[in-house]
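Asks: Pasting in a structure now, in structure tokens, and then I'll have a few things to ask.
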Amino acid sequence: METIIVTTDQSANSKSAIRFAINMARTRKAKLVVLHVYHVLRPSIWSENAYQVYKHSFVNQIRKEITVFIKKIVRSLNLSDMSFELITIDHTDVTKGVLEFTAQHPCDYICISTRGAGTVKKIFGTHSSKLITHSTVPIICIPSGYRNRPCKRVLYATDMNDYETELSRLIDFVKPFHAKLRMLHLASSNEFVADSVLAEERIQEKLSYKVEVINREWNISHPILKDIGAEVKRYKPSLIAFFTHQKRSFLAQLVLPSNAAEYSFYGRVPMISFKKE
């Protein structure tokens, strides 16, 4: 059975990721784990015993509050019930807490809310950006203002390096949704471009899933995000998929550009990022 982890700080922003994770868990018949990272500061005048008593009371209260919070979201989805496991961990750094937990407790996907419209830094924030950069587990970023809808179309942006391996992983994610999959290759004017029809036939034969292959010219005079944004407008995907190395990579160019420019599809379309193998 797959395991999906969704993070929450009980804020309104985190609701979108929780709704997405609930529907995803139901579709995939996966285990849902709700993860909350907290930290209780210890006043210097407190004894160890006093601190532990307070911490125990704090954790019990926060678990009750989160349980009520999740159940309200479940009811808002017109579901009578939804089983989930609630995990609370004490860590001074939220991102490191999530990464350490998932390293010790293997999971298949991590779902996290992003902040909505604005610059890249504002949208993804430090937690999401660090998870995208460092996690070996696929990260699903859900805009805070996103409203759940069926996952019908997935846009996969690729640099064509090892795309068959990447497609194999992506198809495992897409298949339970019965979603259409479009592979987008943005090529510079002097770059070799594979024939779309032949590529589609090869993918169908090897991976047993229909994938539409689109080659478009990349105008190197402006950021690649602009061309990705144009394709988003054309295709109107339910979700965008990327693959990334730990170091600065194709994904880094797409979602973490140094100029932190604003692009229309940020804050509107969910995104899943996989670590390149």
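Asks: For the range 29-50, name all the residues that are more than 17 Å from the chain's Cα centre (by Cα) and among the β-branched types (Val, Ile, Thr).
Replies: 37, 40, 45, listed by residue number.
Asks: Could I ask something else about it? Return a yes/no flag: does the range 38-45 have any residue that is touching a Lys or Arg at 6+ places or on another chain (Cβ under 9 Å), at pLDDT 95 or above and on the phi < 0 side of the Ramachandran plot.
Replies: no
Asks: Next question. Residue check: is residue 64 modelled with pLDDT of 95 or more, within 24 Å of residue 105 (Cβ to Cβ), under 24 Å from the mean Cα position of the chain (by Cα) and open to solvent by 40 Å² or more (accessible area, probe 1.4 Å)?
Replies: no
Asks: Being outside any loop (DSSP other than H, G, I, E, B) and either open to solvent by 30 Å² or more (accessible area, probe 1.4 Å) or within 29 Å of residue 239 (Cβ to Cβ) (or both) narrows it down to one of 41, 35, so name that one.
Replies: 35
Asks: Return the pairs, sorted by first residue and then second, in which the second residue is assigned to a loop (DSSP other than H, G, I, E, B) and of a type in the set (Lys, Arg), the first residue lies in the range 1-22 and is on the phi < 0 side of the Ramachandran plot, the beta carbons are less than 7 Å apart, and the residues are 6+ apart or on different chains.
Replies: Pairs that qualify, where the first residue is on the phi < 0 side of the Ramachandran plot and the partner is assigned to a loop (DSSP other than H, G, I, E, B) and of a type in the set (Lys, Arg), are 13/115.
Asks: Could you say whether any residue in the range 129-151 is modelled with pLDDT of 95 or more, open to solvent by less than 30 Å² (accessible area, probe 1.4 Å), hydrophobic (A, V, I, L, M, F, W, C) and outside any loop (DSSP other than H, G, I, E, B)?
Replies: No, there is no match, as no residue in the range 129-151 is modelled with pLDDT of 95 or more, open to solvent by less than 30 Å² (accessible area, probe 1.4 Å), hydrophobic (A, V, I, L, M, F, W, C) and outside any loop (DSSP other than H, G, I, E, B).
Asks: If you take the residues of the range 1-32 that are in contact with a Lys or Arg (Cβ under 9 Å, 6 or more places away or on another chain), assigned to a helix (DSSP H, G or I) and buried (at least 22 other Cβ atoms within 10 Å of the Cβ), which of them is modelled with the highest pLDDT?
Replies: 25
Asks: I've got another one for you. Scan (1) in contact with a strand residue (DSSP E or B) (Cβ under 6 Å, 6 or more places away or on another chain); (2) under 25 Å from residue 25 (Cβ atoms); (3) among the aliphatic types (A, V, I, L, M) for the single condition residue 193 breaks and write down its number.
Replies: So residue 193 meets the others, but not (2).
Asks: Yes or no: residue 111 assigned to a loop (DSSP other than H, G, I, E, B), buried (at least 18 other Cβ atoms within 10 Å of the Cβ) and at pLDDT 90 or above?
Replies: For residue 111, the condition - assigned to a loop (DSSP other than H, G, I, E, B), buried (at least 18 other Cβ atoms within 10 Å of the Cβ) and at pLDDT 90 or above - is not met.
Asks: Quick one: count up the residues across the range 204-233 that are closer than 26 Å to residue 176 by Cα, open to solvent by 80 Å² or more (accessible area, probe 1.4 Å) and at pLDDT below 90.
Replies: Summing the residues that are closer than 26 Å to residue 176 by Cα, open to solvent by 80 Å² or more (accessible area, probe 1.4 Å) and at pLDDT below 90 in the range 204-233 gives 1.
Asks: Which condition number does residue 54 fail, the rest of (1) touching a residue at least 24 places away in the same chain (Cβ under 8 Å); (2) farther than 17 Å from residue 72 by Cβ; (3) among the hydroxyl-bearing types (Ser, Thr, Tyr) being met?
Replies: (1)
The values are calculated or read from the model by the stated rules, or taken from the named source; none is laboratory data. Keep in mind that this is a model prediction, so the values were computed, not measured. FYI the Cβ positions are ideal-geometry reconstructions off the backbone, even for glycines, and counts take in every protein chain you see. Heavy atoms of the whole protein, side chains included, go into the accessibility calculation; ligands, DNA and RNA do not. Shrake-Rupley method; radii C 1.70, N 1.55, O 1.52, S 1.80 Å.
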